[in-house]
Amino acid sequence: MRDLKNKLTSGKNTKNIKSRKGKSFGYQVLGFGAGGAADAFIAATGGSIATSGDFKIHSFTGPGTFEVTAGSGDNLVVDYAVVAGGGGGGTGLGGGGGAGGFRESSGAASGCYTASPLGACVSALPVSITSFPITVGAGGAGGPVPGGNSGSSGANSIFSSRTSAGGGGGAGTSDASISGGSGGGAAYNGLISPTSGAGGVGNTPPVSPPQGNPGGIGSNPTGAGNGSGPPCASTTSTGGGGATVAGGNWNSARPAAGPGGAGATTNITASPVAYAGGGGGTFNTSGAPGPGGAGGGGAGAPGPSQSGNVGVAGGTNTGGGGGSSGCAGAGGAGGSGIVIIRYKFQ
């Protein structure tokens with residue numbers, strides 16, 4: 001009888017078997033060592049969560065926590081939109097409230113999803129496996145009656161290292177304009193200067209790309225100033241700044257009050273939504289009040305200034321500025337902000 005055991009483990013067959021086995025084992029080790037384990041996608045909790053294709057989107061309309069529970073390597077990056085609270089509108093033909101600061105990325109994490117000039121292909125934000133507290137800024141209060149009072153500035157919104165500044169409140173009759181993420185509009189300025197007054201400065205503190213724009217420039221067409229003109233003797237007031245456009249000045253040709261500056265439109269939630277529009281100014285008599293800027297800005301109160309009409313509030317969770325009012329009505333409150341986070345999960 002043939003020795004089958006020896007037949008399989010000796011002679012010519014031995015070389016063939018060992019050769020095949022060795023090549024197979026060597027290939028497996030080489031393949032594992034060269035490729036390694038793939039980077040893990042992010043897993044996270046917090047806020048209101050939606051899914052769009054390969055991306056998760058977390059929206060925070062109030063304080064919360066974004067908690068990253070998994071992820072590694074190049075996948076540990078997120079895109080974001082951080083919108084602060086808008087400023088309240090001023091009274092006594094005060095200025096419209098400035099929009100809350102608007103900061104956005106749409107980089108490697110999500111493939112440049114937006115047409116917004118403030119966030120197009122800005123680098124995504126690295127994260128780690130940890131908890132990130134979220135702050136969503138409240139809108140500022142509108143100026144109270146009787147007229148002549150400034151609106152309050154909005155509050156900051158914060159995610160990780162990104163802080164958006166609250167919008168500046170619209171100026172009251174005898175007050176200087178207020179700076180912020182976007183600046184508040186100037187009042188008609190009859191008690192400050194015989195001719196004009198600057199709007200609040202936007203992008204304060206400065207970041208790049210800029211988070212907002214200045215408020216409109218006030219004017220006193222009667223020439224009365226430095227206390228010589230009554231609080232509601234002039235014609236009109238100006239709009240608060242928005243994320244992409246400055247607040248509008250009064251227009252004697254229409255005649256009309258200054259409109260709020262336009263906000264920014266983002267597709268971070270997979271459909272276009274505008275945020276951070278400025279609040280509109282107020283007209284003294286029968287002229288048109290200033291409309292709010294696209295992105296939640298509130299319109300100014302219609303004239304006449306002694307009617308008690310109030311400025312329109314900025315939109316909730318838009319960061320819009322509040323509209324201004326005349327002498328007998330309150331300014332509109334600024335709209336609250338929002339924080340949105342987007343990342344690839346598969």
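The values are calculated or read from the model by the stated rules, or taken from the named source; none is laboratory data. What you see is a predicted model; the values in this text were computed from it and never measured. All Cβ positions, glycine included, derive from the backbone under ideal geometry; neighbour counts span all protein chains shown.
Consider region 266-299. How many of its residues are part of a loop (DSSP other than H, G, I, E, B) and at pLDDT below 95? Qualifying residue count, region 266-299: 14.
Check region 222-236 and report whether any residue there is modelled with pLDDT of 85 or more and in a loop (DSSP other than H, G, I, E, B). No, there is no match, as no residue in region 222-236 is modelled with pLDDT of 85 or more and in a loop (DSSP other than H, G, I, E, B). One residue alone among Thr135, Thr130 is surrounded by fewer than 22 Cβ atoms within 10 Å (Cβ to Cβ), modelled with pLDDT of 95 or more, closer than 30 Å to Gly300 by Cβ and out of contact with any Leu (no Cβ under 6 Å at 6 or more places or on another chain), and that residue is Thr135.
The single condition from (1) touching a residue at least 60 places away in the same chain (Cβ under 8 Å); (2) surrounded by fewer than 24 Cβ atoms within 10 Å (Cβ to Cβ); (3) assigned to a loop (DSSP other than H, G, I, E, B) that Pro302 fails is (1). Tell me, which strands (runs of 3 or more DSSP E) lie completely within region 60-104 with 2 or more residues that are surrounded by fewer than 24 Cβ atoms within 10 Å (Cβ to Cβ), polar (S, T, N, Q) and assigned by TED's automatic domain parsing to the domain that holds Gly202? Once the strands (runs of 3 or more DSSP E) in region 60-104 are filtered for at least 2 residues that are surrounded by fewer than 24 Cβ atoms within 10 Å (Cβ to Cβ), polar (S, T, N, Q) and assigned by TED's automatic domain parsing to the domain that holds Gly202, what remains is 64-70.
For the subset of region 138-165 comprising residues that are touching a Pro at 6+ places or on another chain (Cβ under 7 Å) and on the phi < 0 side of the Ramachandran plot, which member is surrounded by the fewest Cβ atoms within 10 Å (Cβ to Cβ)? Filtering region 138-165 for residues that are touching a Pro at 6+ places or on another chain (Cβ under 7 Å) and on the phi < 0 side of the Ramachandran plot, the one surrounded by the fewest Cβ atoms within 10 Å (Cβ to Cβ) comes out as Gly147. Residue count for region 198-213 satisfying the condition of being within 14 Å of Arg162 (Cβ to Cβ) and either outside any loop (DSSP other than H, G, I, E, B) or without any contact (Cβ under 8 Å) to a residue 40 or more places away in the chain (or both): 1. Residues that are hydroxyl-bearing (Ser, Thr, Tyr), modelled with pLDDT of 95 or more, within 16 Å of the chain's Cα centre (by Cα) and in the same structural domain as Val207 (by TED's automatic domain parsing): does region 105-114 have at least one? Within region 105-114 (the criterion being hydroxyl-bearing (Ser, Thr, Tyr), modelled with pLDDT of 95 or more, within 16 Å of the chain's Cα centre (by Cα) and in the same structural domain as Val207 (by TED's automatic domain parsing)), the answer is no, since none of the residues qualifies.
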